[in-house]
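Trainee: The structure follows.
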Amino acid sequence: TGGHTTEILRLLSCLSESYSPRHYIFADSDEMSEAKIRSFEQKRAETFSNSQFTLDRIPRSREVRQSWTSSVVTTLYSILYSLPLTYKLKPDLVLCNGPGTCVPVCISALLLGLLGIKRAIIVYVESICRVETLSLSGKILYYFSDYFIVQWPALKEKYPKSVYLGRIV
Amino acid sequence: FRFKESLAEDLRRADLVISHAGAGSCLETLEKGKPLVVVINEKLMNNHQLELAKQLHRDGHVLYCNCSTLVETLQSMDLSTLKPFPPGQPEKFALFLDKVVGFQ
C-alpha cells in the first residue's frame with residue numbers, strides 16, 4: 001500500500017539486473033500501487049533490456065486497527081491464498097517492508113522452505129517511519145526473517161539482531 | 001485538491017510548507033529542500049506517525065507545533081535554524097543485498 005510501495009521501489013532503485021524477474025505482490029484493495037510499480041518498471045526498462053516483472057494481488061490480511069481475533073482469521077485466509085502463489089513463483093529472495101500483505105507471503109515462503117520445496121532468503125526492511133517502535137509486521141518477522149533491516153539507531157539498540165545501514169530510502 | 005495525483009509541482013513552487021505529520025508528506029517536502037512546519041493533531045493520529053516527525057524535529061529538519069500554537073509558531077519562526085535533509089542511500093542497501101545473496 002501507498003507509502004510502503006514508494007519505499008520499496010526506492011529500495012529497488014539501485015539493484016542490479018541480476019535481481020530478475022521481479023514478482024510484485026500487493027493487496028487486492030490497493031489501487032495506487034499497480035500504477036507506481038508499472039511506472040518504475042517502465043523507467044527501468046529504458047536502461048535495462050529484458051526487464052521482467054509480474055504483478056499479483058492477494059486478499060488484504062488486515063485493515064488498520066482491525067481487532068486481533070478477526071485479524072487472525074483474515075491473515076489465515078491470506079496465507080491460504082498466498083501459499084499456492086508462492087509455490088508457483090518459488091522465489092530465491094523475498095523482500096518486504098511492512099504492509100500486512102507481507103506476513104502471509106513470508107509465512108508461505110517459510111513453509112516452502114520447511115517442506116524442502118524451495119528455500120528463500122527473507123529480507124525485511126522496516127519503514128523509515130519507524131524510529132522507536134516496530135510495526136506489527138516487523139515484530140512478527142523479526143523472528144522469522146533472515147535479515148531484518150532498520151533505519152534508525154534506536155531500533156538497532158532495541159533489536160540487536162537487526163541490521164542498521166542508516167537511511168536507505 | 002485532496003486527491004491530486006502529485007503535489008510535486010505545488011512543492012516546487014512553495015517557499016514554506018505546513019503539513020500534517022504523515023511520513024510521505026514530510027519526506028517528500030524535505031527532499032525538495034523546502035522548509036517545513038509540521039502540525040500535530042494528537043487526537044487524530046496513530047502514535048507511531050509522531051515518531052518520525054519528532055525525530056525530524058530533534059535532528060533540526062522541521063519545525064513542529066500543534067493546531068493551537070500554529071499561528072504563534074509562524075509568527076516567531078526562524079527558518080534559518082533548519083538543517084538540510086540529506087537523501088537516503090539505497091545504494092547501501094544494494095551493496096548489502098548483493099553480499100547476502102552472493103552477487104559480488
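The values are calculated or read from the model by the stated rules, or taken from the named source; none is laboratory data. Since the model is a prediction, treat every value here as computed from it, not as a measurement. Cβ sites come from the backbone with ideal geometry, for glycine too, and all protein chains shown count toward neighbours. Keep in mind that these areas ignore ligands, DNA and RNA; they rest on the heavy atoms of the full protein, side chains included. Shrake-Rupley method; radii C 1.70, N 1.55, O 1.52, S 1.80 Å.
Trainee: Only residues in the stretch A:111-135 that are open to solvent by less than 60 Å² (accessible area, probe 1.4 Å) and charged (D, E, K, R) count as the first member; pair them with residues that are at pLDDT 95 or above and in a strand (DSSP E or B), Cβ under 7 angstrom, at least 6 apart or cross-chain, and list the lot.
Mentor: Close Cβ pairs (under 7 Å, with a partner that is at pLDDT 95 or above and in a strand (DSSP E or B)) amount to A:GLU126/A:ILE149; A:GLU126/A:VAL150.
Trainee: Only one of A:ARG119, A:ARG130 is charged (D, E, K, R), touching a Gly at 6+ places or on another chain (Cβ under 9 Å) and more than 25 Å from B:PHE103 (Cβ to Cβ); which?
Mentor: On inspection, the qualifying residue turns out to be A:ARG130.
Trainee: Scanning the stretch A:152-169 for residues that are in a loop (DSSP other than H, G, I, E, B) and more than 8 Å from every other protein chain (Cβ to nearest Cβ), which turns out surrounded by the fewest Cβ atoms within 10 Å (Cβ to Cβ)?
Mentor: In this case the residue turns out to be A:PRO160.
Trainee: Related question: Write out, first by first residue and then by second, each pair whose Cβ atoms fall under 8 Å of each other, whose residues are 6+ apart or on separate chains, and whose first residue, in the stretch A:88-104, is at negative phi while the second is part of a loop (DSSP other than H, G, I, E, B) and crowded, with 24+ Cβ neighbours inside 10 Å.
Mentor: Between residues of the stretch A:88-104 that are at negative phi and residues that are part of a loop (DSSP other than H, G, I, E, B) and crowded, with 24+ Cβ neighbours inside 10 Å, the close pairs are A:ASN97/A:GLU126; A:GLY100/A:SER61; A:THR101/A:SER61; A:VAL103/A:SER61; A:PRO104/A:SER61.
Trainee: Do you know which residues across the stretch A:45-81 are surrounded by 17 or more Cβ atoms within 10 Å (Cβ to Cβ) and either of a type in the set (A, V, I, L, M, F, W, C) or at pLDDT 95 or above (or both)?
Mentor: Answer for the stretch A:45-81, where residues must be surrounded by 17 or more Cβ atoms within 10 Å (Cβ to Cβ) and either of a type in the set (A, V, I, L, M, F, W, C) or at pLDDT 95 or above (or both): A:ILE58, A:ILE79.
Trainee: Taking helices (runs of 4 or more DSSP H) that do not extend beyond chain B, which have at least 3 residues that are at pLDDT below 90 and surrounded by 14 or more Cβ atoms within 10 Å (Cβ to Cβ)?
Mentor: B:23-31, B:47-58
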